[in-house]
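The values are calculated or read from the model by the stated rules, or taken from the named source; none is laboratory data. Remember, it's a predicted structure, so these values are computed and weren't measured experimentally. All Cβ positions, glycine included, derive from the backbone under ideal geometry; neighbour counts span all protein chains shown. With ligands, DNA and RNA removed, areas are computed over all heavy atoms of the protein, side chains included. Shrake-Rupley method; radii C 1.70, N 1.55, O 1.52, S 1.80 Å.
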Amino acid sequence: MMELELQIAHEKLEQRVKERTAEILKSNELLKQEINERRKAEWSLKIKDSAIESSINAIVFVDPTGDVTYVNPSFLNMWGYDSEKEILGKPAVKFWHRKGLYMEVMDATFNKGGWVGELVAEKSDGALFDAQLSANVVKDEENNPICMMASFIDITARRKIGEKLEKSQMRIELQNIKLKKLDRIKSEFLNVTSHELRTPMSAIKGYTQMVLKQALGEITEEQKKALNVVLRNTTRLDHLIQDILDISRLESGTMKFIPEQTDSRKMIDEVIETMTSSANLKDIKINMDIEDNLPDLIIDQERIKQVIINIVNNAIKFSPDGSIINVRAKKEKDDVLFEIQDYGKGIPKDKQKKVFETFYQVDSGMDRKFGGAGLGLAISRGIILSHNGKIDVKSTVEKGSTFQFSLPLKPVENLENRFKEVDIFGLENHNHEWR
């Protein structure tokens, strides 16, 4: 009986030892965790303290009564103090130029959680400077406010730069106004001058044609040759004046478009009839190949004629005597494709996109053989793009060129507005895409 009691007591003791050991181990584990948490918190505080101490921003801590409790080295440097002893325990209001704003910032920080904005601060010597402030409230574990942490950035230099930029912007805007006025005066001058030039030019051309037709009496062969030279150069000058007028309208955005239903075959017929006399002077034949049942287009017929005339005129100029020019038109998906092919001197590959630029000429040397101001193809490009079309050239040197442009079957609205949006002078992008 005694032995049984001893055995039971021993087992109870062992159980108690095990339970106590488990409690001790658990307590040790909790202690380790607490120590680790404290170490982490200490390291976190050290890291924060280090970050605040080394910050380039001027940082100050102000208690709820308004006294300074901490400043970092950047604050001393920004405000011009030698030691923190000059500041600690002093009212923070002395650093502010506008005392009323200080009270507003304190109220917003402690009652609303923070304040961000710009202000004028006052250095130790009384000098003023512009600063950007970010103020936040620091709270304890029970969520009670301890102090305000205010971070300052000196923005004096940035503000001065901003003021200079603003003044520069104003000067640029005034210069732009003057330039626009001068540009308008120039455009008006070109417009008026071109009109004034065309009036006598029309009279010269008309009377020259009358004399050539011998409506005012008989003329000799020598006189006829001389008058043909006059007529040819008068026509050339007339085209140049027309180009100048168009460029003036391009700049001022006053180019007019009158869309109408157009029979492409009839339109090309009329162009070829117009250009035949010029082609005959070089014994050049113009062939026409128009697809049957070609659908009508809603376009500005006169402007598209101008495009075809510009291209055909160039083909005549740059083609050898006795050669052929082919003019074709066919339906291609939702467009009508026009092609003007010549067998002239051709255009080098590196110059093929440049021919659509204003004032560009392939034969741009001082002794260039052919006339023209280099405006025709640039104007043509603007007209085609305004119709929502595409224009391009394929060419091989000494074998000839084929100019292509397409016009959509679907009518285009607001042609004039679209034309204004075309970067005809290549001001927006030097890497033009013509198609």
Lys167 fails exactly one of (1) modelled with pLDDT under 85; (2) surrounded by 10 or more Cβ atoms within 10 Å (Cβ to Cβ), namely (1)
With the structure loaded, tell me whether Ile185 is open to solvent by 50 Å² or more (accessible area, probe 1.4 Å), touching an Asp or Glu at 6+ places or on another chain (Cβ under 6 Å) and not in a loop (DSSP other than H, G, I, E, B) or whether it fails that test. no
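Does Thr109 fit the bill of being over 30 Å from Leu237 (Cα atoms), within 36 Å of the chain's Cα centre (by Cα) and either acidic (Asp, Glu) or open to solvent by less than 60 Å² (accessible area, probe 1.4 Å) (or both)? Break it down stepwise before answering.
Numbers: over 30 Å from Leu237 (Cα atoms): yes; within 36 Å of the chain's Cα centre (by Cα): no; either acidic (Asp, Glu) or open to solvent by less than 60 Å² (accessible area, probe 1.4 Å) (or both): yes.
So Thr109 does not fit the description; no.
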Every residue in the stretch 31-69 that is of a type in the set (Phe, Trp, Tyr) and either at pLDDT below 90 or open to solvent by 90 Å² or more (accessible area, probe 1.4 Å) (or both), please. Trp43
Being in contact with a Ser or Thr (Cβ under 8 Å, 6 or more places away or on another chain) and closer than 23 Å to Asp67 by Cβ: is that true of Ser134 here? yes
Out of Lys330, Lys351, Lys399, report the one residue that is touching a Gly at 6+ places or on another chain (Cβ under 6 Å) and modelled with pLDDT of 85 or more. Lys399
Could you list, ordered by first residue, the pairs with Cβ atoms under 7 Å in which the first is in the stretch 284-303 and farther than 29 Å from Gly322 by Cα and the second is assigned to a loop (DSSP other than H, G, I, E, B) and among the β-branched types (Val, Ile, Thr), at least 6 apart or interchain? Asp300/Ile258
Scan the stretch 144-170 for residues that are in contact (Cβ under 8 Å) with a residue 60 or more places away in the chain and in a helix (DSSP H, G or I) and report the count. 0
Test result for Ile379, within 18 Å of Ile309 (Cα to Cα), at pLDDT below 90 and not polar (S, T, N, Q): yes
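Grab the strands (runs of 3 or more DSSP E) fully contained in the stretch 282-342, keeping just those with 2 or more residues being open to solvent by 40 Å² or more (accessible area, probe 1.4 Å) and either among the acidic types (Asp, Glu) or closer than 30 Å to Asn414 by Cβ (or both). So that I can check it myself, show each step before the final result.
Values: elements: 285-290, 297-299, 324-332, 335-341.
Passing ranges, in order: 324-332.
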Cβ-Cβ under 6 Å, sequence separation 6+ or interchain: first residue in the stretch 114-126 and within 18 Å of Val62 (Cβ to Cβ) and touching a residue at least 24 places away in the same chain (Cβ under 8 Å), partner in a strand (DSSP E or B) and not aliphatic (A, V, I, L, M). Which pairs? Ala121/Phe129
Within the stretch 134-150, residues being over 12 Å from Val62 (Cβ atoms), touching a strand residue (DSSP E or B) at 6+ places or on another chain (Cβ under 6 Å) and not basic (Lys, Arg) number 2
Only one of (1) more than 25 Å from Arg158 (Cα to Cα); (2) in contact with a helix residue (DSSP H, G or I) (Cβ under 7 Å, 6 or more places away or on another chain) fails for Met103. Which number is that? (2)
Of the residues in the stretch 153-188, those that are of a type in the set (Ser, Thr, Tyr) and farther than 30 Å from Phe75 by Cα come to Ser168, Ser187
In the stretch 71-110, what residues are in contact (Cβ under 8 Å) with a residue 40 or more places away in the chain and aromatic (Phe, Trp, Tyr)? Phe75, Trp79, Tyr81, Phe110
Looking only at the stretch 96-123, count every residue that is modelled with pLDDT under 85, out of contact with any Asp or Glu (no Cβ under 6 Å at 6 or more places or on another chain) and in a loop (DSSP other than H, G, I, E, B) and tell me the total. 2
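Answer with yes or no whether Glu141 is assigned to a loop (DSSP other than H, G, I, E, B), out of contact with any Lys or Arg (no Cβ under 9 Å at 6 or more places or on another chain), open to solvent by 70 Å² or more (accessible area, probe 1.4 Å) and more than 19 Å from Ile52 (Cβ to Cβ). Even if it seems obvious, please write down each step before you answer.
Working: assigned to a loop (DSSP other than H, G, I, E, B): yes; out of contact with any Lys or Arg (no Cβ under 9 Å at 6 or more places or on another chain): yes; open to solvent by 70 Å² or more (accessible area, probe 1.4 Å): yes; more than 19 Å from Ile52 (Cβ to Cβ): yes.
For Glu141, the condition - assigned to a loop (DSSP other than H, G, I, E, B), out of contact with any Lys or Arg (no Cβ under 9 Å at 6 or more places or on another chain), open to solvent by 70 Å² or more (accessible area, probe 1.4 Å) and more than 19 Å from Ile52 (Cβ to Cβ) - is met.
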Per the filter on the stretch 203-235, residues touching a helix residue (DSSP H, G or I) at 6+ places or on another chain (Cβ under 8 Å), open to solvent by 70 Å² or more (accessible area, probe 1.4 Å) and either within 30 Å of Asp246 (Cβ to Cβ) or in contact (Cβ under 8 Å) with a residue 60 or more places away in the chain (or both) are Ile204, Gln209
Within the stretch 245-280, can you find the residues that are open to solvent by 30 Å² or more (accessible area, probe 1.4 Å), farther than 21 Å from Leu385 by Cβ and in contact with a helix residue (DSSP H, G or I) (Cβ under 8 Å, 6 or more places away or on another chain)? Glu270, Thr274, Ser278
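Could you check how many residues of the stretch 394-405 are surrounded by fewer than 20 Cβ atoms within 10 Å (Cβ to Cβ) and assigned to a strand (DSSP E or B)? Walk me through it before giving the result.
Within the stretch 394-405, the first condition is being surrounded by fewer than 20 Cβ atoms within 10 Å (Cβ to Cβ), and the residues that meet it are 394, 396-399, 402, 404.
Add one more test, that the residue is assigned to a strand (DSSP E or B), and what stays is 394, 396, 402, 404.
Residues flagged as surrounded by fewer than 20 Cβ atoms within 10 Å (Cβ to Cβ) and assigned to a strand (DSSP E or B) within the stretch 394-405 amount to 4.
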